[in-house]
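Report on the following structure.
The values are calculated or read from the model by the stated rules, or taken from the named source; none is laboratory data. The structure presented is a predicted model; accordingly, all values stated were derived computationally and were not measured. Here the Cβ positions follow ideal geometry from the backbone for every residue, glycine too, while neighbour counts run over all protein chains shown.
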Amino acid sequence: MKKLLSMFLTLTMVLSLVAVAHAEDPYEVIIETVTFGAEYEDIPAIEEAINAITIPAINVTVKILNVGIPQHAQKISMMIAGGEKADLVMAGLTLPMVNMATDGMLLPLDELVANYGPDIQALFGDQLNAGKLSGVLYAVPADAYTAQSGGFIYNKEMADELGITVPNPVTVEELANIYATIKEKKPEVFGTSFGTGETSNALYDYNLETYGSNVYAYGVTLNQYENTEIVNMYATEEYKAYVLRHKEWVEKGFVPSDSMTSGVLNKERIAAGQMFGMTTNYSPLEAPTQQGNYTFPIGMVEITKAVSSTSGLQERMWGIPVSCKNPQKAMEFLNLMFANADVANLLSNGIEGLNYKLVDEGVITYADGVDPSAPGYDRIFSRFGDQMKVYQWEPATADFYAELAAFNDNALNSLTLGYSFNSENVATEVAAVNAVIAQYAPALECGMVTDVDAALATFNDQLVKAGINRIIEENQRQLAEWMAQ
Amino acid sequence: MDQIKRFLPFYIMALPGIIYLIINNYMPLVGLQVAFKRFNYGKGIWGSPWNGIKNFEFLFSSNSAQRIIRNTLLYNVAFILIGIVIGVAAAILLNEVRQKRPLKIYQTSILLPYLMSMVIISYLAYVFLGTNTGVINGVIRRLGGANINWYNEPKYWPALLIFIHVWKTLGFNMILYYSSLVGFSQDYYEAAELDGATKWQQITKITLPLLRPTIITLLILQLGQIFRSDFGLFYQVPMNQGALFDVTDTIDTFVYRALLKTPNIGMSSSAGFIQSVVGFIFIMTANGIIRKMSPSDSLF
């Protein structure tokens with residue numbers, strides 16, 4: 001009888017243990033990393049290393065979902081529509097966060113952040129507003145240091161060889177003079193290129209707020225740090241000057257005349273030594289990232305003033321999709337990623353010794369035996385954690401962290417920082433306007449149009465017919481409402 | 001009842017196909033409602049609110065509407081007509097090749113472009129049409145002429161697109177006609193030869209009439225696609241050049257470009273919905289006309 005009782009007791013104990021263990025099975029958080037689509041063999045090892053931290057801390061395991069950027073928009077739409085489990089997805093990179101929110105892909109995060117995101121609140125402060133639409137928080141910025149200026153990246157080796165010094169900051173006129181020098185000394189090398197013209201690069205020449213459009217479909221605000229008037233960029237004197245300048249550069253042979261069709265990327269031309277440089281985003285984070293594309297040292301200078309804006313913060317954001325099974329755990333993990341440097345480093349750089357090695361304080365390079373052309377892990381488009389706590393790759397130096405902080409502290413705040421435009425009421429006009437822009441803007445911006453005045457007139461005429469003024473009115477109305485609050 | 005019993009084995013044999021059709025072709029019909037809804041991922045297809053014909057507005061409110069409809073229809077009419085003429089001609093010529101080895105070589109080489117991706121074809125075209133590096137401009141320069149900026153001159157593109165489409169699809173069309181041709185009894189031709197018919201007379205009096213049902217079937221099927229366009233051909237091959245949109249923009253490319261920046265499932269479904277409805281009307285009308293003219297040739 002005693003034996004039976006003890007057996008029974010043991011059995012209940014075992015059963016209750018199983019039940020307890022079952023109730024506290026760690027929740028698996030699926031987090032995206034957006035890459036070029038290459039396979040990374042070290043992902044399982046990295047997941048294991050992260051789990052070793054996250055299971056004791058918040059009882060969560062992590063699964064890294066590697067998504068190639070060409071399939072990204074479609075893949076996450078399909079996953080969410082199909083109810084497939086995903087817990088943390090990147091908004092902004094391919095699908096604008098505002099669209100994901102209005103299409104019902106993302107869960108509201110206000111309460112989750114208030115209850116489970118203390119470190120997120122501390123890190124981002126008011127910047128969190130950039131993830132809000134009509135007062136509801138839908139996404140958390142992936143990076144707290146997103147101040148940007150328009151900049152210019154160039155082949156430093158070639159500059160030294162030709163005795164060219166690129167001043168910092170540089171003006172567009174100074175750049176034109178540099179292109180002329182290059183044309184003279186090395187006629188086979190192009191100064192720069194406008195690429196395919198499919199995304200508009202005028203924001204590297206002028207301080208612009210584009211309200212989330214990578215062309216200027218929603219209207220723009222020039223000098224957004226002191227101005228809140230929204231205008232049609234394509235009808236401005238600035239745009240005309242921009243187009244005329246490019247036409248002149250084509251005529252002078254500063255740029256390849258077949259860049260719209262050749263399929264050669266700007267960075268490929270620079271890497272091959274056929275081109276001096278190109279305009280790009282500037283921030284202390286950019287130079288170390290872009291250096292990886294080149295075998296020679298590169299230089300980077302600023303063209304426009306550095307500004308913190310909603311667009312910058314919305315470039316990369318973390319959202320919790322409606323198909324997430326346990327939003328609380330997803331938020332707990334997101335918070336841990338910003339709080340815990342080890343988790344952030346594992347997701348950003350992999351495992352020390354296997355993927356990278358420290359060369360200086362906070363500065364890393366490839367671990368011994370890693371083939372840089374096929375690394376076991378690589379972070380490409382996503383950002384994980386607090387960049388102040390994440391190791392940076394060479395050529396960043398130990399000064400990097402101070403530079404990044406100073407750059408962001410000194411940046412001007414856009415007057416519309418925290419405001420997002422919801423284009424839902426004018427979706428019809430936006431579609432029509434985007435189609436018109438795709439037809440006219442690339443050739444104009446690549447300097448391929450001979451009669452600029454006539455082309456700009458037709459272009460703007462079509463834009464007005466497609467309804468750009470109604471979009472701008474709606475945008476200005478929403479902005480006024482937002483500012484009144 | 002008796003009949004069902006008698007045909008039961010056949011129904012069972014058809015079952016996998018029927019199930020496939022239901023899953024693949026009939027169940028998705030439910031999704032057509034998305035074209036009339038403000039789609040919301042959280043609420044799903046059934047839960048999303050209706051928004052009438054608002055999704056269709058962007059296709060017709062823009063001033064591109066006339067252009068994209070004209071391009072889509074006219075190119076397809078040209079593709080269908082030229083495709084039939086050249087496909088039938090190629091099949092008849094191939095049928096006259098009696099030696100095995102050359103026959104295989106011709107067949108394969110004509111079919112090859114059909115198997116290529118449009119992205120590859122767009123770069124093949126670029127090899128010829130590139131402004132500075134293209135073969136054609138190279139020849140023009142050699143002959144003392146000036147470069148033609150092919151990707152900036154709309155006037156060349158209707159001919160270029162028709163040529164590329166016919167070149168690409170010829171092989172497949174030809175096989176369809178050729179497979180009917182080889183099935184024709186040789187008796188007709190032997191009898192005709194005894195009566196002194198020329199090759200041309202044999203083609204017009206025997207081959208073409210025998211081929212008529214095949215041609216009509218393919219014609220009706222192609223008419224169902226008349227409001228659709230080969231995205232690769234109209235987007236990749238002209239390298240998405242704005243200067244060419246007047247002659248290269250079709251419904252599919254317009255929808256892609258308009259919604260690339262702000263993806264909207266409702267709006268893209270509305271375009272697909274219209275394409276399907278117009279295709280359906282075309283198939284029914286074409287089949288109706290043919291049934292009136294010669295009932296035995298109609299598809300259903």
Taking A:Tyr377 and the conditions (1) more than 14 Å from every other protein chain (Cβ to nearest Cβ); (2) surrounded by fewer than 23 Cβ atoms within 10 Å (Cβ to Cβ), which numbered condition does it fall short on, given that it satisfies the others?
(2)
Restricting to region A:388-414, give me the number of residues that are touching a helix residue (DSSP H, G or I) at 6+ places or on another chain (Cβ under 8 Å) and not in a helix (DSSP H, G or I).
10
Test set (1) of a type in the set (Asp, Glu); (2) touching a strand residue (DSSP E or B) at 6+ places or on another chain (Cβ under 7 Å); (3) buried (at least 17 other Cβ atoms within 10 Å of the Cβ) - A:Glu286 fails condition number
(3)
Reported set for region B:39-55 where residues are more than 9 Å from chain A (Cβ to nearest Cβ), among the hydrophobic types (A, V, I, L, M, F, W, C) and within 20 Å of B:Ala271 (Cβ to Cβ) is B:Trp50, B:Ile53
Regarding A:Pro442, is this residue within 14 Å of chain B (Cβ to nearest Cβ), in contact (Cβ under 8 Å) with a residue 12 or more places away in the chain, at negative phi and under 24 Å from the mean Cα position of the chain (by Cα)?
yes
Would you kindly identify the helices (runs of 4 or more DSSP H) lying entirely within region B:196-293 that contain at least 1 residues that are farther than 30 Å from A:Leu93 by Cα and within 11 Å of chain A (Cβ to nearest Cβ)?
B:245-248
Among the helices (runs of 4 or more DSSP H) contained in region A:99-201, which hold 3 or more residues that are over 26 Å from the mean Cα position of the chain (by Cα) and farther than 30 Å from B:Met267 by Cα?
A:156-162, A:172-185
Single match in B:Ile68, B:Ile80 (criterion: under 30 Å from A:Gln462 (Cβ atoms), β-branched (Val, Ile, Thr) and in a helix (DSSP H, G or I)):
B:Ile68
Over region A:448-471, the set of residues assigned to a helix (DSSP H, G or I) and buried (at least 19 other Cβ atoms within 10 Å of the Cβ) is A:Leu456, A:Phe459, A:Gln462, A:Leu463, A:Ala466, A:Ile468, A:Ile471
Per-region count, region B:180-219, residues among the aliphatic types (A, V, I, L, M) and over 30 Å from the mean Cα position of the chain (by Cα):
4
Condition first: away from chain A (no Cβ under 14 Å) and touching a residue at least 60 places away in the same chain (Cβ under 8 Å). Now tell me which residues in region B:6-34 satisfy that.
B:Leu32
If the Cβ limit is 7 Å and pairs must be 6+ apart or interchain, which residue in region A:250-264 that is without any contact (Cβ under 8 Å) to a residue 24 or more places away in the chain pairs with which residue that is acidic (Asp, Glu)?
none
Closer than 21 Å to A:Leu444 by Cα and modelled with pLDDT of 95 or more: is that true of A:Val231 in this structure?
yes
Among residues of region A:270-299, those that are within 14 Å of chain B (Cβ to nearest Cβ) and under 22 Å from B:Gln241 (Cβ atoms), counted:
0
Among (1) surrounded by 21 or more Cβ atoms within 10 Å (Cβ to Cβ); (2) more than 14 Å from chain B (Cβ to nearest Cβ) - the single one A:Val98 does not satisfy:
(2)
Find all pairs meeting these conditions: Cβ atoms under 8 angstrom apart; at least six residues apart or on different chains; first residue within region B:140-152 and surrounded by fewer than 10 Cβ atoms within 10 Å (Cβ to Cβ); second residue not small (Gly, Ala, Ser).
B:Ala146/B:Ile140
Which residue, of A:Ile43, A:Ile80, A:Ile55, A:Ile30, is within 14 Å of chain B (Cβ to nearest Cβ), out of contact with any helix residue (DSSP H, G or I) (no Cβ under 8 Å at 6 or more places or on another chain) and at negative phi?
A:Ile80
